[in-house]
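A short worksheet on the structure shown next.
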Amino acid sequence: MPTFSTILLAATATTTALMAGLFYAYSCSVVPGLGRLPDTGYIAAMQSINRCIQNPVFFMGFMGALLLLPLSTYLQYGSGRFYFLLAATIVYAVGVFGVTAAGNVPLNNALDAFNVHTASTEEIARQRAGFENAWNPLNTVRTLASVLTVILVITACLVPPKTLAVKTPVAIKTALLAGFLFFTSTHLTTARPPAHRQPPAVTVSMKGMRFYPKTIEIPAGTTVEWVNESDGWHNVVLEDGSFSSSLVKKGEIIRYTFSKSGTYRYYCQPHRIMGMKGVVVVK
Ligand SMILES: [Cu+2]
């Protein structure tokens, strides 16, 4: 069964490949083809292309890749795919989206405002040269950047999902953790059972992106042990804000003792949107 993050990774690869293909086609057919046209024909053709390309099918790929790349990067945090996707996101955001938004689009808008019917032959020649000399190199940049993006995404796909990024630099890890926990946590310590009396413990396993069992019933004073049996990183955050653990990797355990009766809903911060949630009913 493909997981949500795998399906998303495939969608990311597809949208980035579509964008690389689009700019590749520009570089080896549209740009040289239009380059041979006389000035008036060149401007009219470029104006028409620039108007037509602003359609939902184009934006689905162009904006789709911009949204899916960081989302996939986030979902693959803790796996060996993470850094390739992070690099792909930066290359696409700067080299493809950034270059297009800051470079090609302003040129397109200026060209669109130019009227070939009222301009003189010299004005048309100057307009064409000014546009073409700036636009073509920018297009080459985004073609290369989009191809590099695809190479990085494909490399990420080839990394086995089970490979953990063991040597994650501490600074990056800390920054990401701080980001995860900043909004929700009140304290970051993992609770320990009291030293003098070992209370009974109930185990909940974290597999894939689920808690098993999802709902447990325990008497007050029971310690719950969440054991990470999957390859991803997980944590436990109580919805009432009374407990928020740090992220743990495979084989590590999160412990928390429930001393008061009530219904405690909790979730895993990185996988909350995928429905990684559970309930502890304390009698
Ligand atoms: Cu999780």
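Looking across the range 236-283, the residues that are part of a strand (DSSP E or B), more than 10 Å from the ligand (Cβ to nearest atom) and hydroxyl-bearing (Ser, Thr, Tyr) come down to SER244, TYR256, THR257, THR263, TYR264, TYR266.
Candidates GLY80, GLY61, GLY95: the one that is touching a Ser or Thr at 6+ places or on another chain (Cβ under 6 Å) and at pLDDT 95 or above is GLY61. Contact map, the range 32-60: first residue in a helix (DSSP H, G or I), second residue polar (S, T, N, Q), Cβ cut-off under 6 Å, separation 6 or more or different chains; pairs are ASN50/ASN108.
For the range 249-258, the candidate set comprises residues that are under 23 Å from TYR74 (Cβ atoms) and touching a residue at least 40 places away in the same chain (Cβ under 8 Å); within that set, the residue that is farthest from the chain's Cα centre (by Cα) is ILE254. Each residue in the range 62-76 was checked for being open to solvent by 30 Å² or more (accessible area, probe 1.4 Å) and either aliphatic (A, V, I, L, M) or farther than 20 Å from ARG142 by Cβ (or both), and 6 pass.
The values are calculated or read from the model by the stated rules, or taken from the named source; none is laboratory data. None of these values were measured; they are calculated from a predicted model. Neighbour counts run over all protein chains shown; Cβ positions are idealised from the backbone, glycine included. SASA here: full protein model, heavy atoms, side chains in, ligands and nucleic acids out. Shrake-Rupley method; radii C 1.70, N 1.55, O 1.52, S 1.80 Å.
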